[in-house]
1. Quick one: in the stretch B:1-31, which of the residues that are assigned to a helix (DSSP H, G or I) and of a type in the set (D, E, K, R) is farthest from the chain's Cα centre (by Cα)?
2. Between B:G239, B:G185, which is part of a loop (DSSP other than H, G, I, E, B) and crowded, with 24+ Cβ neighbours inside 10 Å?
3. With the condition being within 14 Å of chain A (Cβ to nearest Cβ), I'd like the helices (runs of 4 or more DSSP H) fully within the stretch B:256-368 carrying at least 3 qualifying residues.
4. Taking the conditions exactly as written (under 11 Å from the mean Cα position of the chain (by Cα) and more than 9 Å from chain B (Cβ to nearest Cβ)), does A:S20 satisfy them or not?
5. Across the stretch B:265-286, what is the total count of residues that are within 19 Å of the chain's Cα centre (by Cα) and surrounded by fewer than 18 Cβ atoms within 10 Å (Cβ to Cβ)?
6. Hey, any hits in the stretch B:346-356 for a residue that's surrounded by fewer than 22 Cβ atoms within 10 Å (Cβ to Cβ), over 30 Å from B:F151 (Cα atoms) and among the small types (G, A, S)?
7. Filter the stretch A:23-46 for residues that are among the β-branched types (V, I, T) and surrounded by fewer than 21 Cβ atoms within 10 Å (Cβ to Cβ); which is farthest from the other protein chains (Cβ to nearest Cβ)?
8. Out of the stretch B:32-63, which residues are surrounded by 15 or more Cβ atoms within 10 Å (Cβ to Cβ) and either touching a Lys or Arg at 6+ places or on another chain (Cβ under 9 Å) or assigned to a loop (DSSP other than H, G, I, E, B) (or both)?
Amino acid sequence: MYSEKVMDHFMNPRNQGDISDADGVGEVGNPTCGDIMRIFLTVKDNIITDVKFQTFGCGAAVASSSMATELIKGKTLEEAWDVTNMAVAEALEGLPPIKMHCSVLAEEGIHQAINDYRIKNGLEPWEEKNPKSHCHEIPDTVS
Amino acid sequence: MTAKRIVYMDHSATTATAQEVVDVMVPWIRKGFGNPSSLYSIARESKKVVEEARANVASALGSHPDEIYFTSGGTESDNWAIKGVAYANRKKGNHIITSAIEHHAVLHTVEYLERQGFEITYLPVDETGQIRIDDLKAAITEKTILVSIMFANNEIGTIEPVAEIGKVCRERGIYFHTDAVQAIGNVPIDVQALQIDLLSLSAHKFYGPKGVGALYIRKGVRIDNFLHGGGQERRKRAGTENVAGIVGLGCAIEMAVSDMDERNRRVQALRDRILAGILEQIPYVRLNGHPEKRLPGNLNISFDFIEGESILLLLDHFGICASTGSACTSGTLEPSHVLLAIGLPAETAHGSLRLTLGQENTDEDVDYVLMHLQTVVQRLREMSPLYADHLKRVPHV
C-alpha cells in the first residue's frame, strides 16, 4: 500500500519532537478526523534553522510530517511557504489517493507555523492561495 | 535472511485452512471432478460428498439437511436471505429491522432495499454493543417482515441476545435472520431452540476454505431465489457446486463444533492473559465491547492519544497481524460504524486495535505481542501532540 519512502519516514521519522522556545508553531487537523500535526520552527535571518514535528495519525500522516520538515529545513520562509502538498507527496514517491489529505495537512501545518512566526514578529500573515480542506475530502479514485 | 516470526491474531478476518480440511478437499479438485448434476458414477460420487457435507452443516446447527443451501460465502448468504425474504414477502409488508453494528454485507444490502422503497429501522446498541429487546419490540410494526441481527459482532465480539430476539420474532410471525459468520465454532448454535429462520455462515472463518458458505433456511420460509440458472440446491441456488469447497466446509464445521468447549477455553485464557497484560503495562486504554458476552478470541482495545493504522504498521514490523477500527484502513475517512455506535468519540475509535486469537496461538505468542505492543504504543505516544498536551496537564506521569 505504501511506498518504501513512506515506510522509511514512518519507521524512522526525521525531526520528530518539539522546540520549547519555537519562533513559530502551527497546528492543523483534529482528533475527529484521526490526524493532528504540530510543526515547530526556529527562524534566524528569515531562514528555518530548525524544525520539529509531533503527529497523531496514520502512517501517511507521520511520513508526510517527517518529509515536510526535511523539505523546509534550511530554507527561507518564502521557499518553505511554496512547498506544496504535491511536493511532499512526490518526495515520498507517491501516496495512495485516500491518503493525499495527509500531505495537504503537512502543507497547511507549515503555513500555519510560518504565519504564527510572522504574527509574533508584527508582520502581516500571508494568505493561503488555495485553501484546501483535508478532512472528509473523499478523492474520486478510491482504490 | 532469517525467517521473520509471524504471530497471526486476526482470526475474525480469516483463518488458515486446517490441514485436515485441505486433505479432504484435494481429491475433489482433480480426481473427483465430476459435476454433481451428471448421471455417471464419478458424478454420483461428487453428489454424495456434497450431501455428506450438507448433513454435517445441518448437524452443527441442529437443522434438517434439506434446510441447508451452499453459497459462495457470508456475503452471498446475507444478500440472499435479506433480498430474498424482502421481495417474496413484499405484499405482506415493506419494513425490515436490523442493527447499527451489522457487517456491511447486511448494512449495504438493506440500504439498497431502502432505495427500492423498503423501510429500514436500525436498532441502536448499548455501550457494550448489545441491542435492547425493548427497542426491538417497539420497532415492530404491522408491516415488519424481517429482523436481521448478527449473532456476534466481528469488530468488538459482542454476542447479541439471539434467543430473545428469536422468541420475539416467532411470537409476532416475523422472520428472523442472523449473520452467524463470526459465531460458528465459537458459540453453541441450535436453530430450533433459538428460533432462527435464516442463518448465514462462511467456511473461512472456522479453518475452512474461502469462497464457500451456506444459508440455513427453515422449512416453510417464503424466500425468492437470488441466483437464477440451473436446478442445483433443490432449485433454489443455481450454479455448479463448488464441490471441493463444500467438502472442506463440511469437514471444517464438524471440527469446529466437535471440540468447541475445550478449544474456546484455551483461546479465551490466552485472550484474557493479553488483556490483563495490557491493563497492567499500558495506561490510558479501554476495552471495547461486552466484558463477558463476547467471542472467546476477541479483544478490542482503544489506546488514547494514538491512531490505529500506525499501531498496525508498527506491529506488522514485528510480524504481528492485527486489525483496527480506525478510518485510515477502511478506504473511507470515517472510523468504524460499530465503535461509533457503542458511543466512542471518533478519536477513541481511531485508536482502536482488534486482536482476534485462534486455535494455533500459544502462550509464547501472547508474551511476544505483549512485549512489542508496549513498545509500539509508547513510541507512537512520544510522537503524538495529544500525548504531549496530556503530559503538560499531568506532568508527573
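1. Restricting to residues being assigned to a helix (DSSP H, G or I) and of a type in the set (D, E, K, R), the top hit is B:D23.
2. When all the criteria are applied, what remains is B:G185.
3. B:308-317, B:346-350
4. Criteria not met by A:S20.
5. 1
6. Scanning the stretch B:346-356 turns up no residue that is surrounded by fewer than 22 Cβ atoms within 10 Å (Cβ to Cβ), over 30 Å from B:F151 (Cα atoms) and among the small types (G, A, S).
7. A:T42
8. B:G32, B:G34, B:N35, B:P36, B:G62, B:S63
The values are calculated or read from the model by the stated rules, or taken from the named source; none is laboratory data. Fair warning: this is a prediction, and the values are worked out from it, not measured in the lab. Methodologically, a virtual Cβ is constructed for each residue, glycine included, from the backbone with ideal geometry; neighbour enumeration extends over all protein chains shown.
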